[in-house]
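Note sheet for the following structure.
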Amino acid sequence: MSSQLHGASLSLEQTIKQHSAQLLPQALQELEQSVNINSGSMNFTGVKAVGALAEQQLSALGFTTQWLDGREFNRAGHLLASNISDDPLATKIVMIGHLDTVFSQDDAFQAFRRIDDNTAAGPGVADMKGGNAIIINSLRILKKLGLLEKLSIQVLLTGDEESSGEPLQLSKQAIVDAAIWADIALGFENGDNNIGTAMAARRGYTGWTLKVSAQPAHSSQIFTPEVGSGAIFEAARILQSIRTALSSQENLSFNPGLILGGTRINEQSESSSGQAFGKSNVIAKDVIVKGDLRAFSQQQLINAKQVMSEIVADNLPHSHATIEFETGYPPMALSKGNLALLAHYHQASVDLGYGAVVAANPRKAGAADISFAANHVEMALDGLGLMGRGAHTKDEVADLTTLQKNIEKTTLLLVRLIKPNS
């Protein structure tokens, strides 16, 4: 951004701290309320209910809200809330969260539970209903300070971050549109769960499917010139060759997560499962392998795909293999703008007495919605949410001591993003 960012006086920091302390009981009560609503990605009613709660909170602050229906991409949809400044030159910020969790309606893990004064367990408590609470309460403080109208802000809470709707072009269009409008994107995922870091870069995610076919025969004929090695050996050779070629590349990972092989296979993509039939005395006819590829940059992704495709195309005798790549999450590349925004967030943390914030190692966090925004804004930063551990498992726990701290840090950052003449 071309404008200079405000410095902050000690009295401003103290005022933010006072407001956050006053709001903390309400923030915790609303967090518990949100966590207790099951909002697994495919529980459309639950996702909409969490969205309705956020809509009430944001409407009370003067935001105009809109539910973006997700029927075209087979998901519940997204909540978009906007508060646009009368100043056409005001900084434009999109704040990104998500409403859904990985926990389905029939999962045993359903309720918020306080473990002690500093920790709480619950489905999605850190990933990322706690992040949504940070968004809403930082905006509440901004309004109390009389500064909310000096920024143009869109809050986008998506309903399919944990299980993206298809096609991605439709399910992520709201993020792209908000980012094209915005100057800055802020993401409130929990990143690597270290309050001393933030995500200035994120790796992208691309799914892939490997299919191998070979000549079936009696097992006594394996490795003969007339029959070859079978589909399972060829799939193993391909996977090991890709591992050898790619495993040493920094910030690149390649993971086969599902494999089916034998005389007959039946893969069921919607449930990430399948069946296979084979006998020890029959050479396997077919193999299917599904996995993911995570890259730090678009060029690294292109190069990895090329290597994988070349290995897959060079088959053993009497076998044939193909690989298909999905349209996935793009990388959020490390940029000068992102590093500048990180520097401002770091300074806000230091000035509030919470210590340094440095760039997180992108290997320590997964893909996130902000990646669809990052290429369209001047600055982007993620990992500003509620810290915790055990995300995506029944052991998910939030560190509640980070809630008030990150509300304050976000509020001070937003104040410093106000242009001086606004």
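The values are calculated or read from the model by the stated rules, or taken from the named source; none is laboratory data. Keep in mind the model is a prediction, meaning the values are calculated, not measured. With ideal geometry, Cβ positions are generated from the backbone for all residues, glycine too; neighbour counts draw on all protein chains shown. These area figures cover heavy atoms from the full protein model, side chains too; ligands, DNA and RNA do not enter into them. Shrake-Rupley method; radii C 1.70, N 1.55, O 1.52, S 1.80 Å.
Points worth noting:
- If you go through region 234-252 and pick out every residue that is surrounded by 15 or more Cβ atoms within 10 Å (Cβ to Cβ), in contact with a strand residue (DSSP E or B) (Cβ under 8 Å, 6 or more places away or on another chain) and either closer than 20 Å to residue 310 by Cβ or among the β-branched types (Val, Ile, Thr) (or both), you end up with 7.
- Residue check: residue 212 meets all listed conditions (1) without any contact (Cβ under 8 Å) to a residue 24 or more places away in the chain; (2) open to solvent by less than 20 Å² (accessible area, probe 1.4 Å); (3) of a type in the set (Val, Ile, Thr) but one, namely (1).
- Hits in region 29-60 - residues which are touching a strand residue (DSSP E or B) at 6+ places or on another chain (Cβ under 6 Å), in a helix (DSSP H, G or I) and not aliphatic (A, V, I, L, M): 51, 55, 59
- Test for residue 180: is it over 30 Å from residue 320 (Cβ atoms), aliphatic (A, V, I, L, M) and open to solvent by 20 Å² or more (accessible area, probe 1.4 Å): yes
- Picking from residues in region 253-282 that are open to solvent by less than 80 Å² (accessible area, probe 1.4 Å), modelled with pLDDT under 95 and outside any strand (DSSP E or B), the one that is farthest from residue 210 (Cα to Cα) is 271.
- Hits in region 105-114 - residues which are in a loop (DSSP other than H, G, I, E, B) and over 24 Å from residue 192 (Cβ atoms): 105, 106, 107, 108, 110, 111
- Among the numbered conditions (1) more than 27 Å from the chain's Cα centre (by Cα); (2) of a type in the set (Ser, Thr, Tyr); (3) at positive phi, the only one that residue 280 does not meet is (3).
- Yes/no for residue 406 being more than 30 Å from residue 236 (Cβ to Cβ) and modelled with pLDDT under 95: no
- Filtering region 105-114 to residues that are modelled with pLDDT of 95 or more and either among the small types (Gly, Ala, Ser) or buried (at least 24 other Cβ atoms within 10 Å of the Cβ) (or both) leaves only 111.
- Only one entry in 118, 132 is in contact (Cβ under 8 Å) with a residue 60 or more places away in the chain and closer than 16 Å to residue 94 by Cβ, namely 132.
- Among the residues making up region 360-404, those that are within 19 Å of residue 114 (Cα to Cα) and assigned to a helix (DSSP H, G or I) are 401, 402, 403, 404.
A quick yes/no check of all residues on (1) farther than 26 Å from residue 250 by Cβ; (2) of a type in the set (Gly, Ala, Ser); (3) surrounded by 17 or more Cβ atoms within 10 Å (Cβ to Cβ); (4) touching a residue at least 60 places away in the same chain (Cβ under 8 Å):
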position: 300; (1), (2), (3), (4): no, no, yes, no
position: 309; (1), (2), (3), (4): no, yes, no, no
position: 323; (1), (2), (3), (4): no, no, yes, yes
position: 329; (1), (2), (3), (4): no, no, yes, yes
position: 342; (1), (2), (3), (4): no, no, yes, yes
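- Residues (buried (at least 19 other Cβ atoms within 10 Å of the Cβ) and not in a strand (DSSP E or B)) located in region 74-94: 75, 76, 90, 91
- A count restricted to region 227-252 and to residues that are in contact (Cβ under 8 Å) with a residue 40 or more places away in the chain and in a loop (DSSP other than H, G, I, E, B) stands at 7.
- Each residue in region 331-340 was checked for being open to solvent by 20 Å² or more (accessible area, probe 1.4 Å) and either of a type in the set (Ser, Thr, Tyr) or within 12 Å of the chain's Cα centre (by Cα) (or both), and 1 of them qualify.
- Filter result for the condition that a residue is among the aliphatic types (A, V, I, L, M), under 18 Å from residue 76 (Cα atoms) and surrounded by fewer than 23 Cβ atoms within 10 Å (Cβ to Cβ), over 156, 170, 145: 170
- The conditions of being open to solvent by less than 20 Å² (accessible area, probe 1.4 Å) and hydroxyl-bearing (Ser, Thr, Tyr) are not met by residue 59.
- Scope region 344-358; condition hydrophobic (A, V, I, L, M, F, W, C), open to solvent by less than 50 Å² (accessible area, probe 1.4 Å) and in contact with a strand residue (DSSP E or B) (Cβ under 8 Å, 6 or more places away or on another chain); matching residues: 357
- Residue satisfying condition, being assigned to a helix (DSSP H, G or I), open to solvent by 30 Å² or more (accessible area, probe 1.4 Å) and closer than 21 Å to residue 367 by Cα, within set 290, 305: 305
- Candidate set from region 365-383 (those that are open to solvent by less than 30 Å² (accessible area, probe 1.4 Å) and not small (Gly, Ala, Ser)); member that is nearest to residue 191 (Cα to Cα): 382
- When residues in region 308-359 are screened for being part of a helix (DSSP H, G or I) and not acidic (Asp, Glu), 20 of them pass.
- Filter result (among the β-branched types (Val, Ile, Thr) and within 15 Å of residue 173 (Cβ to Cβ)) within region 45-98: 94, 96
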